[in-house]
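Trainee: Pasting a structure below so you can have a look.
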Amino acid sequence: MFPLLTPLAVDSGSPFPFISNLSMSLGVILHHPDRGENLFARIKVPEVLPKWIQVGPTPGQFRFVSLHELIRQKLPDLFPDMAIVDVMPFRLTRDADLERDEDDADDLRELMQEELRQRRFARVIRLEHGPDPNPWIVQFLMSELELTEDDVYELSGELDYDDLKVIADLNVPRLRYEPWTPVVPTRLVDEDADLFAVIRNGDLLLHHPHRWTVRIRRRPHGDRSEGQRTARTGRTRCLRQAFSSGTTGSLTFP
């Protein structure tokens, strides 16, 4: 992990570092032994590493440690001879809505490629942080990124729940919802039937819950129909259990 960390400090001789869109960062307040003022440093959380690392193994249990906490514990090695005052995880969102005049473009493909390049450097429109943020870090980021209070969002849980996929994929049946297989209405089983004739014989109630979708496309009067059906099993309940206690440093599942 250590070779992947690149701490960047901000002072009068070092400009504010570029922070890419939706990347996870740790904001750190440092104190120099000879000076008492706050010094800001930013550490990008490596994207190639899982945000929850399984430790053990322990028979019958799954134990995870947060990558953020591991980095936090190693901050003295990254900033030797400096005092670590506080640490705050945060994430930035950059504006992806760039205006381009497609009618005047000679090459639409080149225009789209240039827009994708420009998105990396678009202005910041949102700052997200967890509960109990450090006020000085929040104000410092707002000043450097030219944000207002309306652009700052406090989240009660994780900044990115996609990081919990490693936990959602655990093979723990009792933490999963029972799979449910959708059923095609009896009157629609015959794919060669005239769909409009079926509707004239009575109303049809089609239920499309958010956990699965059914798409039915029919051509009337004998044309062979085309149907697609996609079922999705229930998501795991372990994520709900993981944050019911508000713990973000480590997780244990019996």
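Trainee: Can you pull out every residue in region 130-139 that is out of contact with any Gly (no Cβ under 6 Å at 6 or more places or on another chain) and in a helix (DSSP H, G or I)?
Mentor: If the condition is that a residue be out of contact with any Gly (no Cβ under 6 Å at 6 or more places or on another chain) and in a helix (DSSP H, G or I), then P135, W136, V138, Q139 are the ones that fit.
Trainee: Does D169 satisfy being charged (D, E, K, R) and at pLDDT below 90?
Mentor: Yes.
Trainee: Across region 174-209, what is the number of residues that are touching a residue at least 24 places away in the same chain (Cβ under 8 Å), of a type in the set (A, V, I, L, M, F, W, C) and not in a loop (DSSP other than H, G, I, E, B)?
Mentor: Matching residues across region 174-209 total 4.
Trainee: Mind listing whichever residues of region 140-173 are over 30 Å from V55 (Cβ atoms), part of a loop (DSSP other than H, G, I, E, B) and of a type outside the set (S, T, Y)?
Mentor: E146, L147
Trainee: So R176 passes all but one of these: (1) at pLDDT below 90; (2) in the same structural domain as V28 (by TED's automatic domain parsing). Which condition number does it fail?
Mentor: (2)
Trainee: Here is a check on your reading of the model: is P17 at pLDDT below 85 and not in a strand (DSSP E or B)?
Mentor: Judged against the criteria, P17 is a match.
Trainee: Follow-up question, since we're still on this one. I need the full set of residues from region 2-22 which are of a type outside the set (A, V, I, L, M) and exposed (fewer than 14 other Cβ atoms within 10 Å of the Cβ), in order please.
Mentor: F2, P3, T6, D11, S12, G13, S14, P15, F18, S20
Trainee: Can you tell me how many residues within region 42-60 are surrounded by 10 or more Cβ atoms within 10 Å (Cβ to Cβ), without any contact (Cβ under 8 Å) to a residue 60 or more places away in the chain and assigned to a loop (DSSP other than H, G, I, E, B)?
Mentor: Adding up the residues that qualify gives 4.
Trainee: If you don't mind, another one. Which residue, of R63, R91, R35, R72, is in the same structural domain as D160 (by TED's automatic domain parsing) and assigned to a helix (DSSP H, G or I)?
Mentor: R72
The values are calculated or read from the model by the stated rules, or taken from the named source; none is laboratory data. If you're wondering where the values come from, they're calculated on a predicted model, not measured in any experiment. Reconstructed Cβ throughout: ideal geometry from the backbone, glycine too, with neighbour counts over all protein chains shown.
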